[in-house]
Every structure is written in structure tokens, then in C-alpha cells.
1. Taking the Cα-to-Cβ direction at Arg176 and at Arg76 and moving 7 Å from each Cα, how far apart do the two end points lie in nm?
2. Using the 10 angstrom Cβ neighbour count as an exposure proxy, how do Tyr75, Tyr169, Tyr28 rank, fewest first?
3. Any lysines with Cα under 27 Å of the Lys126 Cα? List them, leaving off those in the same chain fewer than 8 positions away.
4. What is the magnitude of the charge dipole of the range 4-89 about its Cα centre, with +1 placed on the Cβ of each Lys and Arg, -1 on the Cβ of each Asp and Glu, and no other charges, expressed in debye to the nearest 20?
5. How much length is gained if the chain between Asp84 and Glu69 is pulled fully straight, taking 0.36 nm per residue apart and subtracting their Cα-Cα distance, in nm to one decimal?
6. Express in nm, to one decimal, how much length is gained between Glu44 and Lys165 on full extension, taking 0.36 nm for each residue of separation and deducting their alpha carbon distance.
7. Scan around Asp17 for amide H atoms under 5 Å from its own, H built in the peptide plane at 1.01 Å from N, and keep only partners 5 or more places away or cross-chain.
8. So if each residue of separation counts as 0.36 nm, and I subtract the Cα-Cα distance between Asp17 and Glu134, what length gain in nm does that give?
Amino acid sequence: MMPENLQEIIRCVRNGDRTAFSKLVAMYQQPAFRLAFRILGNDEEARDAVQESFIKVWQKIGSFDPSREFIPWMYRILANTSTDHLRKIRRHTMIPIDQVMQNIEAMQQNGSATPADNHELAMLIKGLAGMLPEKQKLVFILRDIEGMASKEVESITDMTETSVKSNLYLARKKVREQLLRILEKERRIQ
């Protein structure tokens, strides 16, 4: 169930109140940008996707069922819009293999994992996630990077529980395999 103030804001937005809509945008603009950026990997593209998504929210708010949760509904619009942007630009964020090798080499030379190493590894994993097929990438980002519950991911992606689990399993497997290949290649070079 939505908090009272959110319910009131949505009721006002449904009645065409632009000030209430501005409040709604202010409340969710940062989390929306973070998700769009993780899907698209580009500031400008993420800003465009967020802006387009909020326009769609304004246009479709009449079809929103107030008895349901607002955030998954909004995130579904955002995820679909971001995925559409990804298709339009027909590119995936990829980390050059040389950069990956340098990051791993630096971590291995240090001998222990520092917060900086963990950050580098996290960036590597995010980069590898960028090379996943669209559905796997979206589920991986929502579940493992954003930390959302499976039910939220199902609601946002409009996938069944089985489909979410399957896509997450495949995404994790592919990321793990890529990491292992990179580490094995590094071992052979040394």
C-alpha cells in the first residue's frame, strides 16, 4: 500500500495537477536516473530515458490502479523506455579487455582486497553485465545491483517468477564465466 501523501499526490496528478506531478518527479527522479543509467551506461541517454518515462507517466497516470504499488508501475515504464533506447542506439557498454586486464592485474599485485579493489571489481561486473542480452541485463541489474526483491522484479519486468529466475541464473552464469576467462587469461600471461 502507498503512503498517504503519495496517494494524495497521485490522486492530484490523475486530476491534471501539474504541481503535484512536479512533486512526484522530484520524489523519484534520482532513483529513476540511477536505474536508467545502470541499464544504458550513459548519462545523456539515461537523462533522456528518465525524461521520456516521466512524460509517459503523466500520459498514462489515468490507467494506474491506485490500489497497487506506484514504484513498480513507474519502474516498468522506465525499464521499457530504457530498453527501447538501448535498442535504438544498438550498442552495449563494453569494457576494453586491456582495461579489464589492468584492473585485475592491479588487484592481484596488491595481494589483498581494499575498498578500491572492491570498487574496481564492482565496475568490472557492471561492465560485464552491460554485455548481457536485454532481459538478462535488466533482471541482473534490478536484482543483483539494485538489490530489489524478486516480486518487485517480476512486477517491473512483467515476467513470471520462473522467467525472472531463469534470466537471473543465465546472467549470473555468463558474468561468472567471463570473469573466470579473464582471470585464466591473466594467469597464462604471468
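Bear in mind that the values in this text are calculations on the coordinates, not laboratory data. Because the structure is a prediction, the values reported are computed rather than measured. Glycine also receives a Cβ, built like all others from the backbone with ideal geometry; neighbour counts cover every protein chain displayed.
1. It works out to 3.1 nm between the two label points.
2. Ascending Cβ contact count within 10 Å gives the list Tyr169, Tyr28, Tyr75.
3. Lys88, Lys135, Lys137, Lys151, Lys165, Lys173, Lys174, Lys185
4. Once rounded to the nearest 20, the dipole reads 140 debye.
5. Net length gain for the segment: 3.0 nm.
6. The span from Glu44 to Lys165 would gain 40.5 nm if fully extended.
7. Those lying under 5 Å, H to H, from Asp17: there are none.
8. 38.6 nm
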